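Any read-out appearing in this document is the output of simple, stated calculations on the displayed coordinates, not a laboratory observation. Treat the numbers as computed from the prediction; the structure is a model and nothing was measured. Positions of Cβ are generated from backbone atoms using ideal geometry, with glycine treated the same way; all protein chains shown enter the neighbour counts.
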Amino acid sequence: MDKLDEQEAVREYVDAIENNIEYFKEWCAIYKTQKELAQQKVSQLEMKVLQLQEIIRQYQNGTI
C-alpha cells in the first residue's frame, strides 16, 4: 500500500466516522422528540387518572 492509498483509506475512515456522528445526532434528536411526546402523554394520562379518582371519590361520598 503506497502513501496515496493510505491517505485515501484514512479519508474514507474519517468520512465514515463523520457520517456516524451525523447519524447519531439525528437519532438523538428523534429520541428527544419522542421522549418529550411520551412525557406529554404520561402527563395527560396522569391528569385523567386524577379526574377519575375525583369522580370515584364523589360517587363514594354520594355527592354525584
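According to the Kirkwood relation over distinct C-alpha pairs, the hydrodynamic radius of the chain is 16.5 Å. Mind checking which aspartates and glutamates have their Cα closer than 15 Å to the Cα of residue 35? Skip sequence neighbours fewer than 8 apart in that chain. Leaving aside aspartates and glutamates fewer than 8 places away in the same chain, those within reach of residue 35 are 26. Cross-link partners for residue 32 among the lysines, with Cα-Cα distance under 16 Å and sequence neighbours closer than 8 places in the same chain left out: 41. Spin-label model, residue 45 to residue 22: label points 7 Å out along the Cα-to-beta-carbon direction sit 3.7 nm apart. For a straight C-alpha distance cut-off of 19 angstrom, the aspartates and glutamates reachable from residue 25 (same-chain residues fewer than eight places away being disregarded) are 15, 36.
Helix 3-61 axis versus longest C-alpha principal axis of the chain: approximately 0°, rounded to the nearest ten.
Quickly estimate the mean residue ellipticity at 222 nm for the chain, helices only: each DSSP H run with n ≥ 4 gives -39500 (n - 2.57), and the total goes over all residues, rounded to 500. Provide the component values of the computation, followed by the final result.
Values: 1 runs with 59 residues, N = 64.
Theoretical 222 nm ellipticity from helices: -35000 deg cm²/dmol.
Label positions at residue 31 and residue 13, each projected 7 Å from the Cα along the C-beta direction, are separated by 2.6 nm.
A dipole drawn for the chain from +1 and -1 charges on Cβ atoms has a positive end, and of 31, 42, 17 the residue lying farthest that way is 42.
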